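The values are calculated or read from the model by the stated rules, or taken from the named source; none is laboratory data. Here the structure is a predicted model, which is why all the values come from computation and not from measurement. Note: ideal-geometry Cβ built from the backbone for every residue, glycine included; neighbour counts use all protein chains shown.
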Amino acid sequence: MEMIKRKVLDIIYPGRCPVCDGLVGAFETGGAKLRAGGCIHTECEGKIEYVRGATCMKCGKPLGKGSPDEYCDDCMRTRHLYDRGFSVFLYRSISGSIYRFKYLGRQEYAGFYGLATRKLLGKRLKGLGIEAIIPVPMYRDKERKRGYNQALCYARAVSDELGIPMRDDLIKRVRNTVPMKELDVRGRRNNLKKAFIVHQNDVKFKCILIVDDIYTTGSTIDEITHEFRMAGVSKVYFLTLAIGQTT
Ligand SMILES: [Zn+2]
Ligand SMILES: [Zn+2]
C-alpha cells in the first residue's frame with residue numbers, strides 16, 4: 001500500500017536525483033530507477049563512491065589501500081571519546097549533493113540517503129544494540145533561518161529504515177558556534193565547549209547513535225558524547241553521511 005501511494009506521488013511530484021538534481025519520474029525511461037524512499041538515475045548512482053574496504057577502527061575513515069594500520073593518522077594522534085563511527089559515502093563523490101541537501105532545501109534527498117545507509121550498514125548498525133538515534137542539534141535561531149536541520153532529516157530517514165526510534169528532544173545546542181572552517185583543531189574544541197546541554201533526567205538509554213551529515217575532526221561528536229556519558233549513556237556510536245579519505 002505504502003509503495004502504491006509512493007508511486008502515485010512520484011507521478012504527481014517527480015523526485016530529484018541526489019547526484020545531478022535532475023527530475024526522476026516513476027515512468028521515466030532512459031535508465032532511471034524507482035526505489036522505495038528515493039530515486040536516482042542509474043548512471044548517476046555509478047558516480048557515488050561508498051565507504052568500503054579497510055576502515056579506521058575508531059572513526060571509520062577509509063584507510064589507504066594495503067595500509068597495515070588499524071587506525072587513521074588522526075585517531076592515532078587524537079583520543080576520541082565516542083566508541084566507533086560509521087559513514088556511508090566518500091565526501092568528494094557526494095559533496096555537491098550534500099551542499100544542496102544542507103543549504104538549498106533539498107530535504108527530499110534524505111530518502112535516498114537513508115536507503116543507501118541501510119543497504120551499506122544496516123546489518124552492522126542493527127547488531128550494535130542501539131536504542132535511540134540522536135541527530136546533532138542545530139542552534140535554534142540558525143534552524144529557524146534555514147527552515148530545517150539537515151542532520152535531523154537524515155536521522156529521521158535512518159530511523160525509518162532501521163526501525164530504531166529517533167529522539168531529537170534529548171540534547172540542545174545552547175550556543176551558536178563560529179563556522180568550524182575558520183578555526184584550527186584547538187580552536188574547534190574551545191568553540192564547542194558547553195555548546196550542548198543534555199536533559200539528563202530524560203536519558204534512559206545505554207547505547208545511542210549520533211547522526212550528522214559530514215565527519216571532519218570529530219570534535220562536535222566528541223563533545224556530544226561527553227555530555228551523554230555524563231548523563232549515564234555507556235555506548236556512543238556515530239553515523240555520518242560522508243567522510244573524507246586519508247591520503
Ligand atoms: Zn541524476
Ligand atoms: Zn580514524
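Quick one: which strands (runs of 3 or more DSSP E) sit completely within region 103-215 and have at least 2 residues that are crowded, with 18+ Cβ neighbours inside 10 Å and without any contact (Cβ under 8 Å) to a residue 12 or more places away in the chain? Working first, answer last.
Values: elements: 132-135, 171-173, 196-198, 207-215.
Passing ranges: none, list empty.
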Note on Asp21: of the conditions (1) closer than 23 Å to Val211 by Cα; (2) more than 16 Å from ligand 2 (Cβ to nearest atom); (3) modelled with pLDDT of 90 or more, unmet is (1)
Picked from region 85-102 (must be in contact with a helix residue (DSSP H, G or I) (Cβ under 6 Å, 6 or more places away or on another chain) and surrounded by fewer than 22 Cβ atoms within 10 Å (Cβ to Cβ)), the residue modelled with the lowest pLDDT is Lys102
Selection from region 202-247 of residues among the aromatic types (Phe, Trp, Tyr) and either touching a Lys or Arg at 6+ places or on another chain (Cβ under 9 Å) or not assigned by TED's automatic domain parsing to the domain that holds Arg92 (or both) yields Phe205, Tyr215, Tyr237, Phe238
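Are any residues in region 77-102 part of a strand (DSSP E or B) and either under 20 Å from Gly46 (Cβ atoms) or among the hydroxyl-bearing types (Ser, Thr, Tyr) (or both), and if so, which ones? Write out each step before concluding.
Going residue by residue through region 77-102, those that are part of a strand (DSSP E or B) are 84-90.
Within region 77-102, Ser87, Val88, Phe89, Leu90 qualify.
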